[in-house]
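The values are calculated or read from the model by the stated rules, or taken from the named source; none is laboratory data. In this text the structure is predicted, and so the values were computed from the model without any measurement. Quick reminder, even Gly has a Cβ in these numbers, built from the backbone with ideal geometry, and neighbours come from all protein chains shown. The protein model used for the area step is the full one, side chains on, heavy atoms only, and it has no ligands, DNA or RNA in it. Shrake-Rupley method; radii C 1.70, N 1.55, O 1.52, S 1.80 Å.
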Amino acid sequence: MNDSRRENPDHVELDESNNFFKDISYRYVPYWPIFLFAFFLSIAGAWIYLHYQTPIYEANASILLKDEKNDSEGSNILESLNVSGTKKNVENELVVLKAHSLMRQVVTEMGLYAQIYQKGKVRDILSFPSSPVKFVALYPDSIADVSHPILFEYLPAKNAIKIDNRNYPLNTTVETPYGLFQIFKSGDATNSFVANTKHPFSLQLKSVKTVAKQLSGPFSVSANSKQSTVITLKFSDENPERAEAILNTLINDYSKNGIEDKNTIASHTLQFLEDRLRIVNGELSKVEGDIQQYKSKENIVDISEEGKMFLTSVQESDLKINEISIQLSVLDEVEKYVVKKKAMLPELYRERP
């Protein structure tokens, strides 16, 4: 009797599982249209986000620092004179590459303070490097931030652009409400996408300081390892070509600044050595003058000077002896000729009839 009343544990667990699924079905199945709508809504939201979101690209570059251990002999000489420059190390170069001044130099050189955008169907597109024109400020440091985009129209037939209903010619210096600019025609202006007047252009002007600060955010530098002398540079941007151009320009400016620093150190070193040589020559001349005065005062004979005088006298005597020998040889030949002529005279008299 007791055994028959006992329940099977497997059957109990199966009944509980069935009851759980029944409860879920009774509770949520009536709302299946809402779940289906939410699913399609999430898919549409993801598509809209990916379609409207600006993609970000990353450019990478590496710099190999020169190992200066091989040049330790020359550097030790300069260090002993206290005129050598600071040796390169990875930590210092990381700070130099991240310096705000270097990024400002890149912004000024590339003209990134004046960026041109093209009106698109979904969002404005950065027109780099295929913009029809390029704005170059005569005084980049004087450019102020302009909060709104400056709309302009490219007029290829007139070789000009129109800003605020005013035409500005290309390839010349023009004065605009935003400063003095030289507006140059880009080599890609004939591109059908760029030259299409149905897509208006806009100019965004920002100060060099503001742009350099913005570009410093997505820019990073790092060393591969503590013992490595290779530095990796990374820059993220919406335009892959601009990201690559920024890294290339930054590396070129970094190298150029390093060469200029070395030339400055070499120039200062050369000037220091010339000054020291000038001082040493002056001191030596003073010492020689003091020695001559002392010799004259004490009647000291300079053996080296007497030796020079003796050699000069011997050379002059040798020249005179050579001249006399030549003269004697000539006289000897003349004498022989005269004697020979005298001997021939009696024979001539005998032959006469």
Per-peptide average of other Cβ atoms within 10 Å, ordering 202-210, 55-63 highest first: 202-210, 55-63
What distance in nm lies between label points placed 7 Å from Cα along the C-beta direction at K336 and E153? 11.4 nm
Report the extension gain between D124 and D145 in nm, rounded to one decimal, defined as 0.36 nm multiplied by the number of residues separating them, less their alpha carbon distance. 5.6 nm
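Between K98 and A46, what is 0.36 nm times their sequence separation minus the Cα-Cα distance? Round to one decimal in nm.
On the way: separation 52, 0.36 × 52 = 18.72 nm, distance 3.63 nm.
Length difference between fully extended and current span is 15.1 nm.
Based on the Cβ-Cβ distance of S317 and N257, what FRET efficiency does E = 1/(1 + (r/R0)^6) give at R0 = 51 Å, to the nearest 0.05? All intermediate terms of the calculation are to be shown ahead of the outcome.
Numbers: r = 69 Å, r/R0 = 1.35.
Approximately 0.15, to the nearest 0.05.
With the cut-off at 18 Å, tell me which of the pairs K213/K262; K213/K234; K98/K134; K121/K213; K119/K209; K66/K256 have Cα atoms farther apart than that.
Working: K213/K262 28 Å; K213/K234 16 Å; K98/K134 27 Å; K121/K213 30 Å; K119/K209 26 Å; K66/K256 15 Å.
Cα-Cα > 18 Å for K213/K262; K98/K134; K121/K213; K119/K209; rest within.
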If the chain between Q327 and L138 were fully stretched, how many nm would it gain, using 0.36 nm times the residue separation less the Cα-Cα distance? 59.5 nm
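Using Cα pairs closer than 8 Å and at least 6 residues apart in sequence, work out the relative contact order for region 89-151, in percent.
21 percent
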Got a number for the accessible area of T172? Probe 1.4 Å, square angstrom, nearest 10. 60 Å²
